[in-house]
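Data block below; observations after.
What follows draws every value from the coordinates through simple rules; no lab data is involved. Remember, predicted model here, so these are calculated numbers, not experimental data. Here Cβ is always computed from backbone atoms with ideal geometry, including for glycine, and neighbour counts include all displayed protein chains.
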Amino acid sequence: MTENTGVNLGVLGKKSSRRSGAERVVNAPLPTVYGKFQAIGYLDHDRGDEQVALVYGDIGAENVLTRLHSECLTGDAFGSRHCECGDQLASALRAVVAEGSGIVVYLRGHEGRGIGLLAKLRAMALQAEGLDTVEANLALGLPVDARDYGVAAEILRDLGVRSVRLMSNNPRKREALVRHGVQVAEQVPLLIEPCESNITYLRTKRERMDHILPHLDAVAHGS
Ligand SMILES: [Zn+2]
């Protein structure tokens, strides 16, 4: 009877085979142009996303140099100059190799600050017409930032990490991680030289989303 099943689930919930959270499912060596990483794959049972953490060297538990990189197909794979994501990913991978150890968690489901690829492309089309990145999301009836960092915190905990030096310019990312129980010992700037195509986008991030981008001061305001 379905009624009984419901009752039993309440009592035996912990014995159910249904899992929640991020489950580590694979650990594979991944040689890259930056160095030899371990690609540790997770299945997020809550959201259904497949996630991967690239781990370099002997990371330890404290003050681990870490990047939580939000998936950006256009920036990471196509080399888009609309944003600085591709350069930030490369810089983060180089940084952990230079450090001798560290982690880059590549967060799927974060495309367009969590609105998805097609919505991001629609937002980019609106930006080509003069809206900024915040206005574009709002014009589509979408949140400015819908990203969740719970799974990132779970992955870090699974890797035995208690505190990180977080490579990010985004204070909200730091706050989110702390809220999910991972200490942030330091926020390490990840500043990419701006170009003509992304300077407006970067200024919007600074002015409307509180990103810490002091290097933009050196770039003259154009038309
Ligand atoms: Zn991007």
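Overview of results
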item	result
Given (1) in contact with a strand residue (DSSP E or B) (Cβ under 8 Å, 6 or more places away or on another chain); (2) part of a loop (DSSP other than H, G, I, E, B); (3) within 20 Å of T200 (Cβ to Cβ), number of the condition R113 does not satisfy	(2)
From the options R122, R172, residue that is among the basic types (K, R), without any contact (Cβ under 8 Å) to a residue 24 or more places away in the chain and either crowded, with 18+ Cβ neighbours inside 10 Å or not in a loop (DSSP other than H, G, I, E, B) (or both)	R122
Of all residues making up region 74-95, the number that are touching a residue at least 60 places away in the same chain (Cβ under 8 Å) and not hydroxyl-bearing (S, T, Y)	10
Within region 124-167, tally of residues that are under 21 Å from D44 (Cβ atoms), under 13 Å from the mean Cα position of the chain (by Cα) and of a type outside the set (D, E, K, R)	9
Selection count where residues are loosely packed, with under 13 Cβ neighbours inside 10 Å and touching a residue at least 12 places away in the same chain (Cβ under 8 Å), scope region 27-49	4
Any chance E154 is surrounded by fewer than 18 Cβ atoms within 10 Å (Cβ to Cβ), part of a helix (DSSP H, G or I) and not small (G, A, S)	no
Only listed residue being among the hydroxyl-bearing types (S, T, Y) and in contact with a Leu (Cβ under 7 Å, 6 or more places away or on another chain), chosen from S80, S91	S91
Qualifying residue in region 211-219 (condition: farther than 30 Å from A22 by Cα and touching an Asp or Glu at 6+ places or on another chain (Cβ under 6 Å))	no
Test: residue in region 205-223 that is of a type in the set (V, I, T) and in a loop (DSSP other than H, G, I, E, B)	yes
Residue count, region 62-104 (criterion: among the small types (G, A, S) and more than 14 Å from the ligand (Cβ to nearest atom))	5
